[in-house]
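Since the structure comes first, as structure tokens, the remarks are kept for the end.
The values are calculated or read from the model by the stated rules, or taken from the named source; none is laboratory data. Fair warning: this is a prediction, and the values are worked out from it, not measured in the lab. Every residue, glycine as well, gets a Cβ built from its backbone with ideal geometry; the counts of neighbours run over all protein chains shown.
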There are 2 protein chains.
Amino acid sequence: MNRALTIAGLAVAATSLSGCIAVAAVPIAAAAGVVKTSQDSQSRKKKGKRQDQAQAPRPGQVFTTEDGKTVQVTSLTALPPPSGAPAATGTAASTAPAPAPGGVPPEMQFLYGSGEASALSLQAYAALWTYVHGELRFRRDKSMITSVVMTRDSTLTSPKFEACGKRPLAVVFDVDETVLLNLGFESDAARRGPGYDQGRWTRWEQTGADKVEAVPGAAETIAAIRGDGITVIYNSNRSASTAAFTIEALNKAGLGPVTLGDTLILRDDAAPSGKDERRWKIAERYCIVAMGGDQLGDFSDLFNTKDLSTPARRNTTGNTLIAPLWGHGWFILPNPVYGSGLKGGMDEVFPKDKQWADPAEEKK
Amino acid sequence: MNRALTIAGLAVAATSLSGCIAVAAVPIAAAAGVVKTSQDSQSRKKKGKRQDQAQAPRPGQVFTTEDGKTVQVTSLTALPPPSGAPAATGTAASTAPAPAPGGVPPEMQFLYGSGEASALSLQAYAALWTYVHGELRFRRDKSMITSVVMTRDSTLTSPKFEACGKRPLAVVFDVDETVLLNLGFESDAARRGPGYDQGRWTRWEQTGADKVEAVPGAAETIAAIRGDGITVIYNSNRSASTAAFTIEALNKAGLGPVTLGDTLILRDDAAPSGKDERRWKIAERYCIVAMGGDQLGDFSDLFNTKDLSTPARRNTTGNTLIAPLWGHGWFILPNPVYGSGLKGGMDEVFPKDKQWADPAEEKK
């Protein structure tokens, strides 16, 4: 792999109360101006040699730039991590996957490492079991049961549902971070830092079957649902072309058995990521009495329409007729690590009228 | 405020698939070697002038260091944010609170901005209401009800609970990120980047009463519980010395009314952060039929004993007699933003036998 050492950039050191300038990364995009291609960097090396007379910057050396700013070369040999702990050496940092400079990001510590997230998952599956077993199974007249899948003519403000008639009962689950924790993939992502690569995910689907675990509560609840004579169906955006590996992963995590095309519905490489069409297809054959997912798109594609702002998307979950579904037919699992919920700038995440600034610093 | 421009350091640009070198921050600690005091930097300016003959590094300029490495000055004027979006200018980055370079961190986007987190909260409160209203209220013989507070002689592996006798029913909630979203404080924290300051939190308690919102589902559920004739009690680590402001915040969020010392229990400045003693005191007067919190410490201090490793702490929630409590007496709310669950390095968060590395890069 071709490498080039570069001075990462000029940063402003401020003696501020915050004790920290900023969290920052150096994506290849930003570095592109420095390292474009192997050739490019070769030519630089030559150029560098020709300039050997010119003194290379040494730690501690001070310059004044053309616009009169004082500039000093630090002794840092790599960008220090957020923790302020010693940074990896240039060499170590350049071997991929490099250790995540700040260790494991908080959202991963929460989802994969905390008892709090485990408890949230156990609680969600307990609610699902109470609902499916306690509220539905005892019913003699199954035809009185209503599907929890929104019909084609539904909107988020007027959701519609159909009676099931004589179709057999089923519970539909998403797979990733709903019933399956992708520990292997995320351990690799933690080492490497921000940035998603579809090719890497595909390689994960193909080689990671033994590096997963069931979400706390999932395997027990799914076995119990099957014990009630209710069919468990997985509706996932994993690729149909890697079905064999996904089946292996589900089996190893104690979430199987599944039958491809019947109880395991995957995404054809041409198909859209939206799940409504697949849900409606399942609903033609089964009475879907409960759904479990970690993304709003696991319940309806309507949550992911482009015209829906981040605050509006959040509000629809609580301020519409959809609100009563959470915990009664729709069951959501925690996932702060990735997904369509992770978006929004300051004014979208924090309503303007709820933003605050430390008065001790406003006074300055 | 005194400032000095410094070359942040040497970073290795790798043309790797990951598309990103590393996430890094420049804490004042790391910058200390560069900017110590105003005097220090003055002397540097002089020194700099004396060296004006020496050419200052210009963007694009290439050097070869003494150890033969090729180094080039980038055109970056600040550390780029994780998103790769344009970095704040030196001036902007140096004014505190500085905008968080990557915008809002993912765990905050999730908790405060996503419909997924809103749905998780609504689901938790729905489960709490189903449990309290459906499973307890109808009981004629209240003396048969058991407290959900672990007794003094309990351990995590053998939790013990007592029958309530004739005490009146109560539900005990934590406050922050359980019934109240601290939108104002976290918006300030997002701008400022990592780092917690107790003084800032105290100023927040004193001035932020109108910059909060109720957790989705909390206000409605709490009102309904009171409507059932069950007492709602808040057990919080907020300071007793700022009680008036906390009461104002609860009222403005629709979570009141409360009576200090009876239905609002705060932490005396001398008191420990552990909540067991306060829980046991409440349990002497009330039959605590349900508890709500965002931290395991809101249910028992035993989860926070030092000898409990991160994996062991997580496992106790699902692999002990405590597991059945989630959703049946103990109700947990999502919080990936802060708290005792956010800890653990690679091998604690990701079991060694579940770690994975992209085979495409291992081959290199």
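Could you check region B:215-235 and list, in sequence order, the residues that are outside any loop (DSSP other than H, G, I, E, B), within 25 Å of B:Ala119 (Cα to Cα) and in contact (Cβ under 8 Å) with a residue 60 or more places away in the chain?
Residues satisfying the conditions are B:Ala218, B:Glu220, B:Thr221, B:Ala224, B:Ile225, B:Val232, B:Ile233, B:Tyr234, B:Asn235.
Among the residues of region B:172-224 satisfying the criterion of being of a type in the set (Lys, Arg) and farther than 30 Å from A:Ile322 by Cα, which is surrounded by the most Cβ atoms within 10 Å (Cβ to Cβ)?
The qualifying residue surrounded by the most Cβ atoms within 10 Å (Cβ to Cβ) is B:Arg192.
Run A:Val337 past the list (1) surrounded by fewer than 22 Cβ atoms within 10 Å (Cβ to Cβ); (2) within 11 Å of chain B (Cβ to nearest Cβ) and report the number of the one that doesn't hold.
(1)
From the list B:Asp188, B:Asp210, B:Asp153, B:Asp197, pick out the single residue that is under 16 Å from the mean Cα position of the chain (by Cα) and at pLDDT 95 or above. Steps first, please.
On the way: B:Asp210 fails: under 16 Å from the mean Cα position of the chain (by Cα); B:Asp153 fails: under 16 Å from the mean Cα position of the chain (by Cα); B:Asp197 fails: at pLDDT 95 or above.
Going through B:Asp188, B:Asp210, B:Asp153, B:Asp197 in turn, the sole match is B:Asp188.
Quick check on region A:173-183. Is at least one of its residues more than 7 Å from chain B (Cβ to nearest Cβ), outside any loop (DSSP other than H, G, I, E, B) and not aliphatic (A, V, I, L, M)?
There is at least one residue in region A:173-183 that is more than 7 Å from chain B (Cβ to nearest Cβ), outside any loop (DSSP other than H, G, I, E, B) and not aliphatic (A, V, I, L, M).
Identify, from the list B:Leu325, B:Leu302, B:Leu296, the residue that is crowded, with 17+ Cβ neighbours inside 10 Å, under 15 Å from A:Pro216 (Cβ atoms) and more than 7 Å from chain A (Cβ to nearest Cβ).
B:Leu325
Away from every other protein chain (no Cβ under 14 Å), in a helix (DSSP H, G or I) and under 21 Å from the mean Cα position of the chain (by Cα): does that describe B:Thr246? Before the answer, list the steps.
Working: away from every other protein chain (no Cβ under 14 Å): yes; in a helix (DSSP H, G or I): yes; under 21 Å from the mean Cα position of the chain (by Cα): yes.
Yes; evaluated as a whole, the condition is true for this residue.
May I ask you to list pairs of residues, at least six apart or on different chains, whose Cβ atoms are under 8 Å apart, with the first in region B:191-214 being more than 7 Å from chain A (Cβ to nearest Cβ) and under 19 Å from B:Tyr112 (Cβ atoms) and the second being among the β-branched types (Val, Ile, Thr) and not in a helix (DSSP H, G or I)?
Short answer, once both residue conditions are applied: B:Ala214/B:Val179.
Restricting the search to region B:311-345, which residues are part of a loop (DSSP other than H, G, I, E, B), among the hydroxyl-bearing types (Ser, Thr, Tyr) and within 21 Å of the chain's Cα centre (by Cα)?
Across region B:311-345, the qualifying residues are B:Tyr338, B:Ser340.
Restricting to region A:140-162, count the residues that are surrounded by 15 or more Cβ atoms within 10 Å (Cβ to Cβ), in contact (Cβ under 8 Å) with a residue 24 or more places away in the chain and over 15 Å from A:Arg285 (Cα atoms).
4
Would you pick out the residues in region A:278-309 that are assigned to a loop (DSSP other than H, G, I, E, B) and more than 14 Å from B:Ala119 (Cβ to Cβ)?
Result: A:Tyr286, A:Thr305, A:Lys306, A:Asp307, A:Leu308, A:Ser309.
Kindly provide the set of residues from region B:256-277 that are in a strand (DSSP E or B) and surrounded by fewer than 17 Cβ atoms within 10 Å (Cβ to Cβ), ordered by number.
B:Leu260, the sole residue that qualifies.
For A:Arg314, only one of the following conditions fails: (1) under 26 Å from B:Thr130 (Cα atoms); (2) more than 9 Å from chain B (Cβ to nearest Cβ). What is its number?
(2)
State whether the residues of region B:346-361 include one that is part of a loop (DSSP other than H, G, I, E, B), touching a residue at least 24 places away in the same chain (Cβ under 8 Å), at the interface with chain A (Cβ under 8 Å from one of its Cβ atoms) and of a type in the set (S, T, N, Q).
no
List pairs: first in region B:116-128 and under 16 Å from B:Phe173 (Cβ atoms) and at the interface with chain A (Cβ under 7 Å from one of its Cβ atoms), second hydroxyl-bearing (Ser, Thr, Tyr) and assigned to a helix (DSSP H, G or I), Cβ under 9 Å, 6+ apart or cross-chain?
Filtered contacts from region B:116-128: B:Leu122/A:Thr317; B:Ala126/B:Thr221; B:Ala127/A:Thr130.
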